[in-house]
Amino acid sequence: MRVLALELANFRNYAALRFEPPEGACVLVGANAQGKSNVLEALGVLSLGKSFRAMRESDLIRFDAPLASVSARVRTRAGEATAECVIARSGDGARKRFSRNGRRISYGDFLGGITAVTFVPADLGLVTGPAGVRRRLLNAALSQIDRGYYHDLATYVKLLVQKNAFLKSPDAADRALLATYNAQVIDVGTRLVVARAGYVRRLAHEAQSVHARWVGGHDQFDVEYAPSPPQGAHTPDAVASALADALARLAPAEAARRMALVGPHRDDMVLLLGGRPLARYGSQGQQRTAVLAIKAAEYALAHAAAGEAPLLLLDDVLSELDEQRRSAFLSSIAGFEQAFITATDLSDVALDTPHHVFVVKDGTVVDAIRHKASA
(Lines give C-alpha, C1' and ligand atoms only; values in the text may rest on other atoms or scores of the structure.)
Protein backbone atom coordinates (compact mmCIF):
# COMPACT_ATOMS: atom_id res chain seq x y z
CA MET A 1 0.00 0.00 0.00
CA ARG A 2 1.26 3.44 -0.89
CA VAL A 3 0.06 7.01 -0.44
CA LEU A 4 0.42 8.84 -3.76
CA ALA A 5 -0.82 12.22 -2.50
CA LEU A 6 -1.93 13.59 0.86
CA GLU A 7 -3.93 16.81 1.17
CA LEU A 8 -4.68 18.68 4.39
CA ALA A 9 -6.87 21.75 4.89
CA ASN A 10 -7.04 23.50 8.26
CA PHE A 11 -5.73 20.38 9.96
CA ARG A 12 -3.75 21.16 13.14
CA ASN A 13 -1.13 23.76 12.14
CA TYR A 14 -1.55 23.16 8.38
CA ALA A 15 -3.66 25.77 6.64
CA ALA A 16 -3.12 23.80 3.42
CA LEU A 17 -0.76 21.05 2.37
CA ARG A 18 -0.35 18.86 -0.67
CA PHE A 19 2.31 16.25 -0.13
CA GLU A 20 3.28 13.63 -2.72
CA PRO A 21 5.47 11.20 -0.78
CA PRO A 22 7.69 8.77 -2.67
CA GLU A 23 7.70 5.06 -1.99
CA GLY A 24 10.06 3.68 0.62
CA ALA A 25 11.02 5.48 3.81
CA CYS A 26 9.98 9.13 4.14
CA VAL A 27 11.76 10.83 7.03
CA LEU A 28 10.18 14.04 8.33
CA VAL A 29 12.77 16.08 10.21
CA GLY A 30 12.27 19.30 12.14
CA ALA A 31 12.15 20.97 15.51
CA ASN A 32 9.33 20.29 17.94
CA ALA A 33 5.86 21.79 17.28
CA GLN A 34 6.49 22.30 13.55
CA GLY A 35 4.00 19.71 12.24
CA LYS A 36 5.93 16.45 11.80
CA SER A 37 3.62 14.36 13.95
CA ASN A 38 0.58 16.07 12.44
CA VAL A 39 1.33 14.49 9.06
CA LEU A 40 1.43 11.02 10.63
CA GLU A 41 -1.67 11.82 12.65
CA ALA A 42 -3.51 12.74 9.44
CA LEU A 43 -2.53 9.41 7.89
CA GLY A 44 -3.70 7.71 11.08
CA VAL A 45 -7.08 9.43 10.75
CA LEU A 46 -7.43 8.01 7.25
CA SER A 47 -6.62 4.56 8.60
CA LEU A 48 -8.43 4.39 11.95
CA GLY A 49 -10.96 7.14 11.35
CA LYS A 50 -9.71 8.93 14.45
CA SER A 51 -6.56 10.41 15.92
CA PHE A 52 -4.04 8.21 17.67
CA ARG A 53 -3.19 11.03 20.10
CA ALA A 54 -5.91 13.73 20.35
CA MET A 55 -8.17 13.65 23.40
CA ARG A 56 -10.75 15.84 21.63
CA GLU A 57 -11.38 15.62 17.91
CA SER A 58 -12.03 19.36 17.77
CA ASP A 59 -8.29 19.74 18.52
CA LEU A 60 -7.61 18.48 14.99
CA ILE A 61 -9.19 21.62 13.50
CA ARG A 62 -7.00 24.66 13.00
CA PHE A 63 -7.82 27.18 15.71
CA ASP A 64 -9.48 29.76 13.41
CA ALA A 65 -11.37 27.38 11.11
CA PRO A 66 -14.85 25.79 11.27
CA LEU A 67 -13.71 22.47 9.83
CA ALA A 68 -10.68 20.47 8.72
CA SER A 69 -10.23 17.91 5.98
CA VAL A 70 -7.77 15.12 5.35
CA SER A 71 -7.73 13.31 2.03
CA ALA A 72 -5.41 10.98 0.20
CA ARG A 73 -5.03 9.18 -3.07
CA VAL A 74 -3.65 5.72 -2.45
CA ARG A 75 -2.57 2.72 -4.46
CA THR A 76 -3.52 -0.70 -3.17
CA ARG A 77 -3.46 -4.14 -4.73
CA ALA A 78 -7.05 -3.46 -5.84
CA GLY A 79 -6.03 -0.27 -7.68
CA GLU A 80 -6.07 3.44 -6.93
CA ALA A 81 -8.63 4.98 -4.59
CA THR A 82 -9.30 8.19 -2.69
CA ALA A 83 -10.27 8.55 0.96
CA GLU A 84 -11.39 11.64 2.85
CA CYS A 85 -12.33 12.57 6.39
CA VAL A 86 -13.91 15.95 7.19
CA ILE A 87 -13.97 17.08 10.82
CA ALA A 88 -16.43 19.90 11.58
CA ARG A 89 -16.93 21.77 14.83
CA SER A 90 -20.19 20.91 16.57
CA GLY A 91 -20.90 22.62 19.88
CA ASP A 92 -18.00 21.81 22.21
CA GLY A 93 -16.93 18.85 20.11
CA ALA A 94 -16.69 17.80 16.48
CA ARG A 95 -18.46 15.61 13.96
CA LYS A 96 -16.84 13.61 11.18
CA ARG A 97 -17.94 12.47 7.78
CA PHE A 98 -16.14 9.95 5.62
CA SER A 99 -15.90 9.44 1.87
CA ARG A 100 -14.29 6.94 -0.45
CA ASN A 101 -13.91 7.71 -4.15
CA GLY A 102 -16.13 10.75 -3.65
CA ARG A 103 -19.04 8.82 -2.09
CA ARG A 104 -20.16 9.27 1.54
CA ILE A 105 -19.81 6.11 3.62
CA SER A 106 -20.17 5.14 7.26
CA TYR A 107 -17.29 4.99 9.71
CA GLY A 108 -17.54 1.21 9.82
CA ASP A 109 -17.26 0.95 6.03
CA PHE A 110 -14.38 3.46 6.03
CA LEU A 111 -12.23 1.27 8.28
CA GLY A 112 -9.90 -1.10 6.48
CA GLY A 113 -9.64 0.96 3.31
CA ILE A 114 -6.20 2.19 4.31
CA THR A 115 -4.30 -0.12 6.65
CA ALA A 116 -1.57 1.31 8.85
CA VAL A 117 0.47 0.24 11.84
CA THR A 118 1.40 3.10 14.15
CA PHE A 119 4.24 3.17 16.67
CA VAL A 120 4.46 6.15 19.01
CA PRO A 121 6.44 6.69 22.24
CA ALA A 122 3.31 6.00 24.31
CA ASP A 123 3.37 2.44 22.94
CA LEU A 124 6.47 1.82 25.04
CA GLY A 125 3.99 1.73 27.94
CA LEU A 126 2.33 -1.44 26.60
CA VAL A 127 4.13 -3.46 29.28
CA THR A 128 3.66 -1.29 32.36
CA GLY A 129 0.62 0.80 31.38
CA PRO A 130 -3.00 0.10 32.33
CA ALA A 131 -5.05 -2.62 30.65
CA GLY A 132 -6.79 -0.04 28.47
CA VAL A 133 -3.53 0.54 26.56
CA ARG A 134 -3.37 -3.11 25.57
CA ARG A 135 -7.10 -3.27 24.74
CA ARG A 136 -6.64 -0.29 22.41
CA LEU A 137 -3.97 -2.21 20.52
CA LEU A 138 -6.33 -5.15 20.10
CA ASN A 139 -9.26 -2.97 19.04
CA ALA A 140 -7.25 -0.90 16.56
CA ALA A 141 -5.61 -3.94 14.97
CA LEU A 142 -8.78 -6.02 14.72
CA SER A 143 -11.01 -3.17 13.54
CA GLN A 144 -8.74 -2.60 10.53
CA ILE A 145 -8.67 -6.23 9.43
CA ASP A 146 -12.15 -7.41 10.47
CA ARG A 147 -15.12 -5.14 9.76
CA GLY A 148 -17.41 -7.45 11.71
CA TYR A 149 -15.26 -6.97 14.78
CA TYR A 150 -15.64 -3.21 14.59
CA HIS A 151 -19.43 -3.47 14.35
CA ASP A 152 -19.51 -5.80 17.36
CA LEU A 153 -17.23 -3.46 19.30
CA ALA A 154 -19.40 -0.43 18.52
CA THR A 155 -22.50 -2.37 19.57
CA TYR A 156 -20.84 -3.45 22.81
CA VAL A 157 -19.72 0.08 23.69
CA LYS A 158 -23.29 1.37 23.28
CA LEU A 159 -24.63 -1.58 25.25
CA LEU A 160 -22.18 -0.93 28.07
CA VAL A 161 -23.29 2.72 28.30
CA GLN A 162 -26.93 1.62 28.44
CA LYS A 163 -26.33 -1.05 31.07
CA ASN A 164 -24.34 1.31 33.29
CA ALA A 165 -27.09 3.92 33.01
CA PHE A 166 -29.64 1.26 33.95
CA LEU A 167 -27.62 0.19 37.01
CA LYS A 168 -27.59 3.81 38.20
CA SER A 169 -31.31 4.33 37.57
CA PRO A 170 -34.34 3.80 39.81
CA ASP A 171 -35.20 0.80 37.60
CA ALA A 172 -32.04 -1.10 38.60
CA ALA A 173 -34.09 -3.66 40.55
CA ASP A 174 -35.94 -4.72 37.37
CA ARG A 175 -34.57 -8.26 36.95
CA ALA A 176 -36.20 -8.82 33.58
CA LEU A 177 -34.56 -5.73 32.10
CA LEU A 178 -31.21 -6.69 33.65
CA ALA A 179 -31.54 -10.14 32.09
CA THR A 180 -32.13 -8.50 28.69
CA TYR A 181 -28.95 -6.43 29.01
CA ASN A 182 -26.94 -9.43 30.19
CA ALA A 183 -28.18 -11.58 27.31
CA GLN A 184 -26.84 -8.97 24.90
CA VAL A 185 -23.54 -8.77 26.80
CA ILE A 186 -23.19 -12.54 26.41
CA ASP A 187 -24.11 -12.51 22.72
CA VAL A 188 -21.88 -9.63 21.57
CA GLY A 189 -19.20 -10.21 24.20
CA THR A 190 -18.72 -13.81 23.08
CA ARG A 191 -17.91 -12.73 19.53
CA LEU A 192 -15.44 -10.09 20.77
CA VAL A 193 -13.67 -12.54 23.09
CA VAL A 194 -13.39 -15.25 20.43
CA ALA A 195 -11.95 -12.74 17.94
CA ARG A 196 -9.50 -11.33 20.49
CA ALA A 197 -8.39 -14.78 21.61
CA GLY A 198 -7.61 -15.78 18.03
CA TYR A 199 -5.72 -12.57 17.36
CA VAL A 200 -3.66 -12.78 20.55
CA ARG A 201 -2.78 -16.38 19.74
CA ARG A 202 -1.42 -15.31 16.34
CA LEU A 203 0.24 -12.22 17.81
CA ALA A 204 1.97 -14.30 20.47
CA HIS A 205 3.29 -16.78 17.93
CA GLU A 206 4.71 -14.05 15.70
CA ALA A 207 6.11 -12.01 18.62
CA GLN A 208 7.83 -15.08 20.05
CA SER A 209 9.54 -15.75 16.73
CA VAL A 210 10.68 -12.13 16.39
CA HIS A 211 11.88 -11.96 19.98
CA ALA A 212 13.81 -15.24 19.67
CA ARG A 213 15.59 -14.00 16.52
CA TRP A 214 16.70 -10.90 18.39
CA VAL A 215 17.79 -12.29 21.75
CA GLY A 216 18.00 -16.05 21.30
CA GLY A 217 16.02 -18.65 23.20
CA HIS A 218 17.35 -18.03 26.71
CA ASP A 219 14.08 -16.58 28.08
CA GLN A 220 10.95 -17.18 26.04
CA PHE A 221 8.68 -14.22 25.49
CA ASP A 222 4.97 -14.91 25.60
CA VAL A 223 1.71 -12.97 25.25
CA GLU A 224 -1.39 -14.39 26.91
CA TYR A 225 -4.97 -13.26 26.62
CA ALA A 226 -6.66 -12.52 29.96
CA PRO A 227 -10.40 -12.17 29.32
CA SER A 228 -13.01 -11.08 31.84
CA PRO A 229 -14.08 -13.47 33.22
CA PRO A 230 -11.25 -16.05 32.95
CA GLN A 231 -12.08 -18.99 30.69
CA GLY A 232 -10.62 -22.43 30.25
CA ALA A 233 -11.27 -22.41 26.50
CA HIS A 234 -12.13 -19.76 23.95
CA THR A 235 -14.78 -21.57 21.96
CA PRO A 236 -18.09 -19.71 21.58
CA ASP A 237 -19.92 -22.10 23.91
CA ALA A 238 -17.24 -21.94 26.60
CA VAL A 239 -17.03 -18.15 26.45
CA ALA A 240 -20.82 -17.71 26.58
CA SER A 241 -21.07 -20.08 29.53
CA ALA A 242 -18.29 -18.29 31.44
CA LEU A 243 -19.89 -14.91 30.82
CA ALA A 244 -23.31 -16.14 31.94
CA ASP A 245 -21.92 -17.68 35.14
CA ALA A 246 -19.89 -14.55 36.00
CA LEU A 247 -22.79 -12.19 35.33
CA ALA A 248 -25.03 -14.23 37.64
CA ARG A 249 -22.37 -14.50 40.35
CA LEU A 250 -21.44 -10.82 40.30
CA ALA A 251 -24.96 -9.40 39.94
CA PRO A 252 -25.04 -8.27 43.61
CA ALA A 253 -21.65 -6.57 43.23
CA GLU A 254 -22.74 -4.81 40.03
CA ALA A 255 -25.89 -3.60 41.78
CA ALA A 256 -23.91 -2.37 44.78
CA ARG A 257 -21.27 -0.57 42.69
CA ARG A 258 -23.81 0.48 40.05
CA MET A 259 -21.55 -0.44 37.16
CA ALA A 260 -20.83 -3.37 34.82
CA LEU A 261 -18.02 -5.48 36.25
CA VAL A 262 -17.95 -8.36 33.75
CA GLY A 263 -17.21 -8.39 30.04
CA PRO A 264 -14.67 -7.58 27.33
CA HIS A 265 -14.31 -3.99 28.58
CA ARG A 266 -12.20 -5.46 31.40
CA ASP A 267 -10.01 -7.74 29.24
CA ASP A 268 -6.24 -7.58 29.29
CA MET A 269 -3.12 -9.15 27.80
CA VAL A 270 -0.38 -10.54 30.03
CA LEU A 271 3.23 -10.23 28.84
CA LEU A 272 5.63 -12.83 30.18
CA LEU A 273 9.37 -13.39 29.92
CA GLY A 274 10.67 -16.73 31.07
CA GLY A 275 7.21 -17.40 32.52
CA ARG A 276 7.29 -14.34 34.80
CA PRO A 277 5.32 -11.09 34.44
CA LEU A 278 7.45 -8.73 32.41
CA ALA A 279 5.98 -5.60 34.02
CA ARG A 280 7.14 -6.73 37.45
CA TYR A 281 10.42 -8.52 36.77
CA GLY A 282 11.70 -7.24 33.42
CA SER A 283 14.37 -4.60 33.02
CA GLN A 284 13.61 -1.48 30.98
CA GLY A 285 15.63 -2.93 28.11
CA GLN A 286 13.72 -6.22 28.23
CA GLN A 287 10.41 -4.37 28.32
CA ARG A 288 11.31 -2.26 25.30
CA THR A 289 12.46 -5.31 23.37
CA ALA A 290 9.10 -6.97 24.13
CA VAL A 291 7.16 -3.93 22.90
CA LEU A 292 9.18 -3.87 19.68
CA ALA A 293 8.45 -7.58 19.17
CA ILE A 294 4.72 -6.94 19.64
CA LYS A 295 4.68 -4.04 17.17
CA ALA A 296 6.68 -6.06 14.62
CA ALA A 297 4.19 -8.91 15.09
CA GLU A 298 1.25 -6.51 14.68
CA TYR A 299 2.78 -5.32 11.40
CA ALA A 300 3.25 -8.91 10.16
CA LEU A 301 -0.36 -9.85 10.96
CA ALA A 302 -1.72 -6.73 9.27
CA HIS A 303 0.42 -7.52 6.22
CA ALA A 304 -0.91 -11.08 6.09
CA ALA A 305 -4.55 -10.04 6.57
CA ALA A 306 -4.48 -7.31 3.91
CA GLY A 307 -2.37 -9.27 1.44
CA GLU A 308 -0.08 -6.25 1.09
CA ALA A 309 2.24 -4.21 3.27
CA PRO A 310 0.37 -1.67 5.44
CA LEU A 311 1.62 1.87 5.87
CA LEU A 312 4.14 2.16 8.67
CA LEU A 313 3.89 5.27 10.87
CA LEU A 314 6.79 5.74 13.31
CA ASP A 315 6.26 8.93 15.28
CA ASP A 316 9.46 10.05 17.03
CA VAL A 317 10.01 6.57 18.40
CA LEU A 318 13.35 5.54 16.92
CA SER A 319 15.13 8.18 19.00
CA GLU A 320 13.82 6.35 22.09
CA LEU A 321 15.72 3.19 21.14
CA ASP A 322 19.38 2.29 21.35
CA GLU A 323 21.18 1.42 18.13
CA GLN A 324 20.86 -2.35 18.58
CA ARG A 325 17.10 -2.34 19.20
CA ARG A 326 16.49 0.24 16.45
CA SER A 327 18.36 -1.89 13.94
CA ALA A 328 16.61 -5.09 15.03
CA PHE A 329 13.16 -3.53 14.78
CA LEU A 330 13.77 -1.98 11.36
CA SER A 331 15.11 -5.24 9.99
CA SER A 332 11.97 -7.06 11.17
CA ILE A 333 9.64 -4.76 9.20
CA ALA A 334 11.92 -4.40 6.17
CA GLY A 335 9.16 -5.46 3.75
CA PHE A 336 7.28 -2.17 3.96
CA GLU A 337 6.30 -0.40 0.75
CA GLN A 338 6.03 2.99 2.39
CA ALA A 339 6.96 4.25 5.84
CA PHE A 340 6.68 7.68 7.47
CA ILE A 341 9.19 8.41 10.21
CA THR A 342 9.51 11.58 12.28
CA ALA A 343 12.61 12.79 14.11
CA THR A 344 14.02 16.03 15.45
CA ASP A 345 17.46 15.05 14.15
CA LEU A 346 18.36 12.86 11.20
CA SER A 347 20.99 11.07 13.28
CA ASP A 348 18.17 9.65 15.43
CA VAL A 349 16.97 7.58 12.49
CA ALA A 350 20.11 5.99 11.02
CA LEU A 351 18.32 3.90 8.39
CA ASP A 352 20.18 1.09 6.64
CA THR A 353 18.19 1.61 3.42
CA PRO A 354 17.86 4.54 1.00
CA HIS A 355 15.33 7.09 2.21
CA HIS A 356 13.91 10.50 1.44
CA VAL A 357 14.25 13.36 3.90
CA PHE A 358 11.69 16.17 4.18
CA VAL A 359 12.21 19.24 6.35
CA VAL A 360 9.09 20.28 8.26
CA LYS A 361 8.87 23.88 9.43
CA ASP A 362 5.89 26.06 10.41
CA GLY A 363 3.33 23.80 8.82
CA THR A 364 5.18 23.25 5.55
CA VAL A 365 6.94 20.18 4.16
CA VAL A 366 9.90 21.13 1.97
CA ASP A 367 13.37 20.27 0.71
CA ALA A 368 13.03 16.66 -0.32
CA ILE A 369 16.43 14.97 -0.41
CA ARG A 370 17.17 11.37 -1.27
CA HIS A 371 19.71 9.81 1.08
CA LYS A 372 21.70 6.66 0.65
CA ALA A 373 21.85 4.12 3.44
CA SER A 374 23.57 5.28 6.62
CA ALA A 375 27.16 4.21 6.96
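Remarks
- Residue in segment 33-45 that is open to solvent by 30 Å² or more (accessible area, probe 1.4 Å), out of contact with any Gly (no Cβ under 7 Å at 6 or more places or on another chain), under 28 Å from Asp345 (Cα atoms) and part of a loop (DSSP other than H, G, I, E, B) present: yes
- Evaluation of Tyr199 against (1) hydroxyl-bearing (Ser, Thr, Tyr); (2) open to solvent by less than 30 Å² (accessible area, probe 1.4 Å); (3) over 25 Å from Ala297 (Cα atoms) (one fails), failing number: (3)
- Scanning segment 283-340 for residues that are touching a helix residue (DSSP H, G or I) at 6+ places or on another chain (Cβ under 9 Å), of a type outside the set (S, T, N, Q) and surrounded by fewer than 18 Cβ atoms within 10 Å (Cβ to Cβ) yields Gly285, Ala304, Ala306, Glu320, Asp322, Arg325, Gly335.
- Filtered residue count, segment 31-47, keeping only those that are touching a strand residue (DSSP E or B) at 6+ places or on another chain (Cβ under 8 Å) and at positive phi: 1
- Close Cβ contacts (under 7 Å, 6 or more residues apart or on different chains) running from residues in segment 352-375 that are among the hydrophobic types (A, V, I, L, M, F, W, C) to residues that are at pLDDT 85 or above and in a loop (DSSP other than H, G, I, E, B) comprise Val359/Gly30; Val360/Gly30; Val360/Gln34; Val360/Gly35.
- Condition met for Gln208 (open to solvent by 50 Å² or more (accessible area, probe 1.4 Å), touching an Asp or Glu at 6+ places or on another chain (Cβ under 9 Å) and not charged (D, E, K, R)): yes
- Close pairs from segment 220-236: first under 18 Å from Ala204 (Cα atoms) and modelled with pLDDT of 95 or more, partner basic (Lys, Arg) and open to solvent by 30 Å² or more (accessible area, probe 1.4 Å), Cβ under 8 Å, at least 6 apart: Tyr225/Arg201
- Here Gly113 does not qualify as closer than 15 Å to Val70 by Cα, surrounded by fewer than 16 Cβ atoms within 10 Å (Cβ to Cβ) and in contact (Cβ under 8 Å) with a residue 12 or more places away in the chain.
- The listed residues are Asn182, Asn164, and the only one of them that is under 16 Å from Ala255 (Cβ atoms) and in contact with a helix residue (DSSP H, G or I) (Cβ under 6 Å, 6 or more places away or on another chain) turns out to be Asn182.
- Residues considered: Ser169, Ser106, Ser99. Of these, the only one that is in contact with a strand residue (DSSP E or B) (Cβ under 8 Å, 6 or more places away or on another chain), of a type in the set (Gly, Ala, Ser) and farther than 23 Å from Val39 by Cα is Ser106.
The values are calculated or read from the model by the stated rules, or taken from the named source; none is laboratory data. Please read all numbers here as calculations on a predicted model, not as lab measurements. As a convention, Cβ positions derive from the backbone with ideal geometry for all residues, glycine included, and neighbour counts pool all protein chains shown. Side chains are part of the model used for accessible areas, which takes the heavy atoms of the whole protein and leaves out ligands, DNA and RNA. Shrake-Rupley method; radii C 1.70, N 1.55, O 1.52, S 1.80 Å.
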